[in-house]
Amino acid sequence: NKTANQMLVIFGASGDLTARKLVPALYNLYKGKHLPDNFVVLGLSRSNLTDNTFRKRVVLESPYLKEALKGENQDFVDAFANQFFYEDLGDDYDVSYGKVNTRISDLDTKFGTGGNYMFYLATPPNLYETIAKNVSEQGLSDESSGFRRLIVEKPFGYNLKTAKNLNKGLHQYFNESQIYRIDHYLGKETVQNLLVTRFANSIFEPLWNRNYIQHVEITNAESVGVEKRGGYYDKSGALRDMFQSHLLQIVSLVVMEPPINASAEEIRNEKVKALKSLRIMHDEKTLYDNTIRGQYLASVIDGEKVKGYREEDGVDPNSKTETYAAIKFFVDNWRWADVPFYVRTAKRMPTKVTEVVVHFKTPHHQVFNDVDINNMDNKLIIRIQPDEGIMIKFGVKVPGQGFKVERANMDFYYSSLVDNHIMQAYERLLLDAMQGDATLYARADEVEAAWEFVDPILDYWENNKGVKTYGYSAGVWGPKNSDTLLEGNYTWRNPGE
Ligand code: BG6
């Protein structure tokens, strides 16, 4: 695909996201020759920077590019850096757009970016609408002389109401087809591969339903704590930070019906249908029985003292905000009726891993004795990160007398492919947006459907004083009672154990 000449205008250009994610992604695209011939980046923020100091900050002296730039030809690096420009927005994100407009038009004329502009909102979310309004008032959302796209970072809303308001607000200034809501999990190769596993094979899909699947389990674990983001995190929590966005995106790809083709609209139509079929939990008893929240406690990991969540900077010492969330739910449709889904996400777990485990039912008649269902049910494990790959667990006969059955694995690892360069999520997503492909971006109705499911849980956790936040020592797989969520004798599969 050829990428049209264009300008990337980043709001919040002096912030962490720009330096940490966006510019390294752009650099990889530059190296891979994916950027168009005529391309510039215009950084905007309240910091007082010049073109040169901006280039130093995000490219030439950026700690996030240090590794990548080591040993590179200086002319090559300079040519990349020279595509970056900067304009100071002054104190307020609600003024100064006249000069932004002038700068954009000067750069466009000088560098031949064809009037194609992509606006990236890497600012705090409370500024999204203000920026969209000002951009539009300058005539910059009008597509009569080039494409105009708006990329919006997560979090998209704080709950259903605010997400709806934000959609409404943005739609005053940009059409839905111009808006790209980023969810970086959709940029992960293995998340996209969920679609291929399901719909480019004939051996999985016939079994992908309530007749053969016992339950589905999704684990997202991080070994880090909240790091320097205590202030943000304490107002968010795991349910908003990870579950509403990244994990429900994964759920929608596991649950959805086959799309009629791979176009952005068809795939997203099916995802919305999937999200709308999640059974919303209304009453307190259901919420009590099906949700668990937890918080990490101080601990010693590998001889090093680790702070508890409530001692982290920016966190209220009496905080009830969850760093662990585990939710059991059902999907009310023909395919999934009565199949439990268990999804958990947490910080300060023993390791960093994200995986989907599809547990198939045990054979309905046991011919062989001594079968331990926790070990012997067939499992399809889709490893999203790290060690990206797929594994099937199945029973084999132990050589020797009798019919002793043991578990064996069939593995595929992405690293075993000859061409195994996996594009980073931001790299892939930026390139898609530059080419106008919104397949891996969340649509308005998708985000709202996800909030619709999450809202009652948030409400129950936040407004019901009786709801416990269970403590767990940093470095273990969550609170002690977390297995109580699973039906029967099942327990969570803890990867690596
Ligand atoms: C972000 C969350 O969206 O995703 C972070 O805000 C989290 O809290 C991160 O650490 C995890 O992303 P990844 O790609 O490292 O799994």
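So how far, in whole Å, is the C-alpha centre of region 124-150 from the one of region 482-497? Spelled out, the Cα-based centre of one part sits 47 Å from the other.
How much area per residue is accessible in region 146-197 when the probe is 1.4 Å and only protein heavy atoms are counted (Å²)?
Values: 1850 Å² over 52 residues.
For region 146-197, the solvent-accessible area averages 36 Å² per residue.
Here is how the number arises for the chain: DSSP H runs of 4 or more residues each give -39500 (n - 2.57), the sum is divided by the residue count, and the result at 222 nm is -8000 deg cm²/dmol.
What FRET efficiency do you get for T50 and D75 if R0 is 22 Å and r is their Cβ-Cβ distance, rounded to the nearest 0.05? Before the final figure, lay out each step's value.
Values: r = 22 Å, r/R0 = 0.99.
So the FRET efficiency works out to roughly 0.50.
Pairs over the 18 Å Cα-Cα cut-off, from the set K154/K188; K133/K168; K33/K188: K33/K188. Across all Cα pairs in the chain, the calculated P(r) in 20 Å bins from zero up to the longest distance comes to 21, 53, 24, 2, 0 percent per bin.
For a label point 7 Å from the Cα of D289 along Cα→C-beta, name the residues of region 443-484 whose backbone N is under 15 Å from it. Residues 484 qualify, since their backbone N sits under 15 Å from the label point. Modelled label positions at T484 and N261, each set 7 Å beyond Cα in the direction of Cβ, lie 5.2 nm from each other. The long axis of helix 189-199 is offset from the longest Cα principal axis of the chain by roughly 60 degrees.
Taking the Cβ of Y64 as the centre, find all other residues whose Cβ is under 12 Å away and add up their charges (Lys, Arg: +1; Asp, Glu: -1).
Cβ neighbours under 12 Å give a net charge of +1.
Roughly to the nearest percent, how much of the accessible area of region 280-372 is carbon and sulfur, given a 1.4 Å probe?
51 percent
One chain, two ends: V398 and E452. Fully extended at 0.36 nm per residue, the span grows by 14.5 nm beyond their Cα-Cα distance. With axes computed from alpha carbons, what is the tilt in degrees of helix 264-276 against the longest principal axis of the chain, rounded to the nearest 10 within 0 to 90? It works out to around 50 degrees.
Counting Lys +1, Arg +1, Asp -1, Glu -1, what net charge surrounds D332 among other residues with beta carbon under 12 Å of its beta carbon?
Details: positive: R210, K273, K276, R279, R335; negative: D338.
Every neighbour counted, the sum reads +4.
Annotation: per residue accessible area for region 421-497 equals 42 Å², rounded to a whole number [probe 1.4 Å, protein chains only].
Number of Lys-Lys pairs in region 341-497 with C-alpha atoms under 23 Å apart and a separation of 8 or more places or on different chains: 15. Protein heavy-atom accessible surface, 1.4 Å probe, per residue over region 263-371: 50 Å². Atom-type composition of the exposed protein surface of region 108-160 places 48 percent of the accessible area on carbon and sulfur (1.4 angstrom probe).
The values are calculated or read from the model by the stated rules, or taken from the named source; none is laboratory data. Computed from a prediction, not measured in an experiment: that's the story for all the values here. We place every Cβ from the backbone using ideal geometry, glycine too, and count neighbours over all the protein chains shown. With ligands, DNA and RNA removed, areas are computed over all heavy atoms of the protein, side chains included. Shrake-Rupley method; radii C 1.70, N 1.55, O 1.52, S 1.80 Å.
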